[in-house]
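Note sheet for the following structure.
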Amino acid sequence: MRKLRKSDGSRFIAFAGSAKFKRGAVNTAILVVLSVILAVVVRFATLSDDNVADAVLRGEPFLQIVVLSLIIGVIMSTLIAYTYYVKRDADRSVTAKLVPVLAVAVFITFILALVFGATVSLYVSPLALCSLLVATLVDKRVGIVTNILLSQTFFLTYILVYGSEKAVESSAALVTSMVSSIFLIMFLDKAHNRIKFTVVGFIVGVCSAVIPMLINYLVDANDVSQILMSGLWSLVSIVLSVALFMIVLPLMEYLFRLNTPFRLAELCSLENPLLKRLAKEAPGTFNHSMVVGNLAELCADAIGENTQLAKVCAYYHDVGKTKNSQYFIENQKGYNPHDDVIPEVSVAMIISHVTEGYRMLKKERLPDEVADCAIQHHGTTPVNYFLYKAQNFTEENLDKKEFSYPGPKPRTKIAAIIMIADTVEAASRALSEKVNSPAAFRSLVHGMIKQKADLDQFTECPITYKDLDVIEDTLVQAIPSMYHARIQYNNNPKQDKNA
Ligand SMILES: [Fe+2]
Ligand SMILES: [Fe+2]
């Protein structure tokens with residue numbers, strides 16, 4: 001066995017105070033509380049009024065709750081472990097929310113399933129709700145596994161409580177729930193529009209209703225009403241799941257600041273108040289953001305990233321420029337306020353747009369990835385124009401850090417794409433006679449990406465050299481029409497002012 005060293009104690013104290021330890025402790029607490037609450041609800045919901053007092057006196061509920069908590073706890077731990085395995089490469093901001101999101105989705109679904117199962121029919125239990133929420137908010141594979149584990153747990157508790165007379169009904173409902181959930185998750189991508197998805201839900205409901213009808217036919221072919229009712233209730237279960245999904249999803253998106261295809265589609269709408277404000281108060285920045293959005297979408301598609309998320313991140317990356325918009329060259333109409341202030345003030349105005357944008361996006365509860373892109377899109381790069389301008393006023397060497405963005409550097413591939421597309425678009429407005437051929441244009445784009453890499457801006461994100469090559473190719477092919485003839489970039493003061 002390894003001997004304890006003197007430093008182990010202080011290491012443990014440091015670990016106990018770390019964010020990782022605190023997150024682990026919170027997640028464990030959520031897991032324990034969820035397991036106990038579900039166990040209590042299951043146990044007391046299934047005791048009749050007559051025998052509650054007797055059962056409490058005999059101590060039965062307590063022991064049964066402990067056992068049920070253990071069963072639910074083990075199953076939930078398995079689900080959480082699998083989720084972390086699937087999302088092992090995800091950013092910290094994503095993994096930090098996994099357990100709370102799973103806990104809320106499982107809790108809501110389990111309670112609703114219990115209520116509908118006890119009051120109407122087991123077939124009505126809307127278990128597909130949980131798999132839809134998890135598939136949309138976490139991952140499709142996790143959504144399918146969640147449905148399998150949750151359905152098994154739910155129907156197992158039913159059989160444990162009610163005995164074997166519910167075995168056939170539970171098994172039929174279990175198979176129907178699993179099959180319909182898998183189909184619903186598969187169609188999630190095809191139906192981003194909420195109305196389309198409701199229609200898909202109805203079709204899946206009708207198809208999956210056949211399963212319990214066939215099972216009930218095998219049990220008793222003469223019991224026509226039972227056969228028909230099992231099919232009808234199964235259809236109701238899927239329609240109910242989809243309807244509840246439409247209600248619960250926006251609440252969870254807002255609560256956990258998560259991005260989903262539905263939320264991203266809403267954020268792309270130019271009717272969004274923040275975009276409307278950007279268009280009104282900083283029209284030049286608004287146009288720039290739209291072009292960066294198109295470029296980012298193409299680049300994301302080329303390297304297999306989420307195109308919708310890239311577009312939204314680009315649309316909102318400079319939203320902080322609505323404050324002091326006249327300090328950014330794309331919004332100036334002749335008068336340049338930088339002429340009236342010292343370079344230190346100018347650079348503070350320019351740099352503040354990343355922190356201001358981050359603050360605004362957090363306040364409006366946009367998805368965390370979008371806010372993170374706003375603060376990361378300039379990384380820790382210097383604003384050379386004002387650094388050189390300030391240097392002209394003094395003999396001593398100025399600290400480059402004081403003229404640089406505060407960071408952090410891009411932490412995701414999409415944040416890196418926004419940084420590159422932003423730079424290329426800004427350069428496109430600094431036209432000159434120097435770039436007048438496709439080869440010169442390619443060399444220019446290559447130079448811009450290399451410049452960011454040389455400044456170590458991609459050291460904190462998982463982007464590869466291959467990705468950077470693909471992004472370069474995509475930009476060179478996609479935007480020649482924007483570059484009618486010429487661009488000048490290298491340390492051009494105008495370009496830096498555009499940043
Ligand atoms: Fe910017
Ligand atoms: Fe920008």
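The values are calculated or read from the model by the stated rules, or taken from the named source; none is laboratory data. Model, not experiment: these values are computed from the prediction. Glycine gets a Cβ as well: all are built from the backbone with ideal geometry, and neighbour counts include every protein chain shown. When the accessible area is computed, the model is the full protein with side chains, heavy atoms only, and any ligands, DNA or RNA have been set aside. Shrake-Rupley method; radii C 1.70, N 1.55, O 1.52, S 1.80 Å.
Give, in nm to one decimal, the length gained when the segment between Tyr388 and Thr119 is fully stretched (0.36 nm per residue of separation minus the Cα-Cα distance).
Value of the extension gain: 89.4 nm.
Contact order, relative form, for the stretch 97-228: 18 percent (alpha carbon pairs under 8 Å, 6 or more residues apart, mean separation divided by residue count).
Hey, if you put +1 on the Cβ of every Lys and Arg and -1 on every Asp and Glu Cβ in the stretch 213-283, which of Ser269, Asn259, Val248 ends up farthest toward the positive end of that dipole? The residue sitting most towards the positive pole is Ser269. In terms of overall dimensions, the chain has a Cα radius of gyration and Dmax of 28.5, 99 angstrom.
How much length would be gained if the chain were fully extended between Val470 and Val74, taking 0.36 nm per residue of separation minus their Cα-Cα distance, in nm to one decimal?
138.1 nm
Using a Förster distance of 60 angstrom, determine the FRET efficiency expected from the C-beta separation of Ala348 and Ile148, and round it to 0.05. After rounding, the FRET efficiency stands at 0.65. Taking label points 7 Å from Cα along the Cα-to-Cβ direction, Glu266 and Asp89 give a separation of 3.0 nm. Largest accessible area first, the residues Met448, Met213 order themselves as Met213, Met448 under a 1.4 Å probe with ligands, DNA and RNA left out. Among the listed pairs Lys87/Lys140; Lys140/Lys196; Lys333/Lys409, which are separated by more than 21 Å between their Cα atoms? Checking Cα-Cα distances, Lys333/Lys409 exceed 21 Å. In a reduced charge model with +1 at each Lys and Arg Cβ and -1 at each Asp and Glu Cβ, the stretch 14-258 shows a dipole moment near 1220 debye about its Cα centre. Taking label positions 7 Å along the Cα-Cβ direction at both Phe44 and Lys450, the computed distance is 7.0 nm, reported to one decimal.
Accessible surface comparison of Leu398, Leu275, probe 1.4 Å, protein chains only, largest first: the order is Leu398, Leu275.
Measuring nothing but protein heavy atoms, the accessible surface of the chain at 1.4 Å probe radius is 62 percent carbon and sulfur. Local charge for Asp372 was computed over the other residues whose Cβ lies under 12 Å away, with Lys and Arg +1 and Asp and Glu -1, and equals +1.
A 1.4 Å probe run over the chain, with the rest of the protein chains in place, finds 48 Å² accessible per residue. Might you report the magnitude of the Cβ-based charge dipole of the stretch 262-498 about its Cα centre, with Lys and Arg at +1 and Asp and Glu at -1, to the nearest 20 debye? In debye, rounded to 20, the stretch 262-498 gives about 400.
Pairs of Cα atoms nearer than 8 Å and 6+ residues apart set the relative contact order; for the chain it is 10 percent.
Farthest toward the dipole's positive end in the stretch 262-498, which of Pro438, Thr474, Gly320, given Cβ charges of +1 (Lys, Arg) and -1 (Asp, Glu) about the Cα centre? The residue sitting most towards the positive pole is Gly320. Taking the Cα centre of the chain as reference, the dipole from Cβ charges on Lys and Arg (+1) and Asp and Glu (-1) amounts to some 880 debye.
Comparing Ile182, Ile71, Val347 along the charge dipole axis of the chain, the residue lying farthest to the positive side is Val347, per the Cβ-charge model. Per-residue ellipticity at 222 nm from helix content only, as computed over the chain with -39500 (n - 2.57) for each DSSP H run of at least four residues, stands at -23000 deg cm²/dmol. Rounded is the label for the stretch 262-498. Its Cα gyration tensor axes, ordered a ≥ b ≥ c, give a/c under 1.5.
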